[in-house]
Amino acid sequence: MSQDLTVLGLESSCDDTAAAIVRHSADKGTEILASVVYGQTDLHSAFGGVVPEIAARAHTEKLDISVSEAMRQAGLGFDDLDAIAVTAGPGLIGGVLSGVMCAKGLSASTGLPLIGVNHLVGHALTPRMTDGIAYPYLMLLVSGGHCQFLIAHSATEFSRLGGTIDDAPGEAFDKVARLLGLPQPGGPSVEAEAAKGDPKRFRMPRPLLDRDDCNLSFSGLKTALLRARDQIVAEKGGLTRQDRADLCAGFQQAVVDVLSAKLERALGEYMSRTRTKSPTVAVAGGVAANKQIREGLETVCARLGSVFLAPPLRYCTDNAAMIAYAGIELFDSGHRDDMTLAARPRWPLDKSSPALLGSGRKGAKA
Ligand code: KG4
Ligand code: ZN
């Protein structure tokens, strides 16, 4: 970075309202001075998914509070900031609009420059914020709303090697939990059940492994689990605890196998494109919390001689520190927005890759 910068970041593209302040200086490197996240799980729990209207209203209520809280935690005033960065997409449009309008208001009243950040760039640059890794690197985003392999060349240049053509893996975990009567969010509850189960009892499909590319699919897996569940119910009249644990274990093992195999392919592609021998692989997104999945990915990296990096979970999941940090890199490279900044429900990172199909519970896939 060519200058010392302190940036306020705002995030409201899905079901977390967040504000954070990040500073980068020549002597201390990157410091996260404050990171505030208000989740909305309770507001949506009765509906089995994120309700966009409820999310947008809750963001509007909480954005100002998040900003004040972040400023208080950092002990800073607006005079100490260099810019305001805000998620301008992709995501649920009402939430993105709430954040963009709040940031525009702050920018207009303080005179601070405004920077619109792609939410996926925020995730993709997180390992630079937390661990200072150098470009280029291979990034795997795995969350409730995203699933893609990216080569990060710079803060503005990404190549997408592949991604999901339907559900994101976290979304599949959440749907499986719903099918089995387990609590939301589904990831942790399915993982806990899977630990008690036999992954071999129900053989789940490994979608798209026959295709020699880096695309993934998870919705068929969820359907396979539904069929297996219905068959047990038809035969025995209900599920035992062991049935449930075995179903979870079979499902989770399939996700581990698919992500591991596709990571291996993505690494091969990455190495041939960038001519790197020992690339760094970084992961972000809530699904990276899953121990089996992490171990599967780490094993592939170790076998292929690459370094595996998983930032602390609070910065892997949706947060505003990653948006503030992306704002720092963009500001430093001369990027500025103005009052014409638009909220974008879709915003692909790699304009040269064709759009992927599908739209999940957290809105259309980027
Ligand atoms: O990154 P995140 O907080 O939000 C976005 O989706 O952007 O990710 C949340 C997702 C949820 O679908 C949740 O079920 C999943 O991450 N998740 C997990 C685990 N913990 C959270 N999935 C699998 N195993 C876990 N331990
Ligand atoms: Zn996200």
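A count restricted to segment 178-199 and to residues that are modelled with pLDDT of 95 or more and touching a Ser or Thr at 6+ places or on another chain (Cβ under 9 Å) stands at 1. The single condition from (1) closer than 22 Å to Tyr315 by Cβ; (2) touching a Phe, Trp or Tyr at 6+ places or on another chain (Cβ under 9 Å); (3) assigned to a strand (DSSP E or B) that Gln148 fails is (2).
Residues that are part of a helix (DSSP H, G or I) and touching a residue at least 24 places away in the same chain (Cβ under 8 Å) within segment 84-106 comprise Ile93, Gly94, Gly95, Val96, Leu97, Ser98, Gly99, Val100, Cys102, Ala103, Lys104, Leu106, listed in sequence order. Here Leu8 fulfils each of the conditions (1) surrounded by fewer than 21 Cβ atoms within 10 Å (Cβ to Cβ); (2) more than 16 Å from ligand 2 (Cβ to nearest atom); (3) part of a strand (DSSP E or B) apart from (1).
Looking at Leu239, is it touching a Lys or Arg at 6+ places or on another chain (Cβ under 8 Å) and closer than 21 Å to Ala194 by Cβ? In short, yes.
Name the single residue that is surrounded by the fewest Cβ atoms within 10 Å (Cβ to Cβ) among those in segment 158-201 being of a type in the set (Gly, Ala, Ser) and more than 15 Å from ligand 1 (Cβ to nearest atom). Selected residue: Gly181.
Output yes when any residue across segment 140-149 is farther than 22 Å from Leu221 by Cβ and within 13 Å of ligand 2 (Cβ to nearest atom), and no when none is. No; the residues of segment 140-149 include none that is farther than 22 Å from Leu221 by Cβ and within 13 Å of ligand 2 (Cβ to nearest atom).
Inspect segment 56-70 for any residue being touching a Gly at 6+ places or on another chain (Cβ under 7 Å) and either on the phi > 0 side of the Ramachandran plot or among the basic types (Lys, Arg) (or both) and give the result as yes or no.
No, every residue in segment 56-70 fails to be touching a Gly at 6+ places or on another chain (Cβ under 7 Å) and either on the phi > 0 side of the Ramachandran plot or among the basic types (Lys, Arg) (or both).
Assessment of segment 194-217 against the conditions (under 30 Å from Ile328 (Cα atoms), in contact with a Phe, Trp or Tyr (Cβ under 9 Å, 6 or more places away or on another chain), assigned by TED's automatic domain parsing to the domain that holds Leu263 and part of a loop (DSSP other than H, G, I, E, B)) yields no matching residue. Taken over segment 272-285, the criterion of being surrounded by fewer than 23 Cβ atoms within 10 Å (Cβ to Cβ) and either closer than 30 Å to Ala195 by Cα or in contact (Cβ under 8 Å) with a residue 24 or more places away in the chain (or both) is satisfied by Arg273, Thr274, Thr276, Lys277, Ser278, Pro279, Thr280. Picking from residues in segment 146-157 that are more than 9 Å from ligand 1 (Cβ to nearest atom) and crowded, with 24+ Cβ neighbours inside 10 Å, the one that is farthest from Gly334 (Cα to Cα) is Cys147.
Of the residues in segment 318-357, how many are of a type outside the set (D, E, K, R) and either at pLDDT 95 or above or assigned by TED's automatic domain parsing to the domain that holds Thr276 (or both)?
20
The values are calculated or read from the model by the stated rules, or taken from the named source; none is laboratory data. On a predicted model such as this, the values are computed, not experimentally measured, just so you know. Using ideal geometry, Cβ is built from the backbone for each residue, glycine included, and neighbour counts are taken over all protein chains shown.
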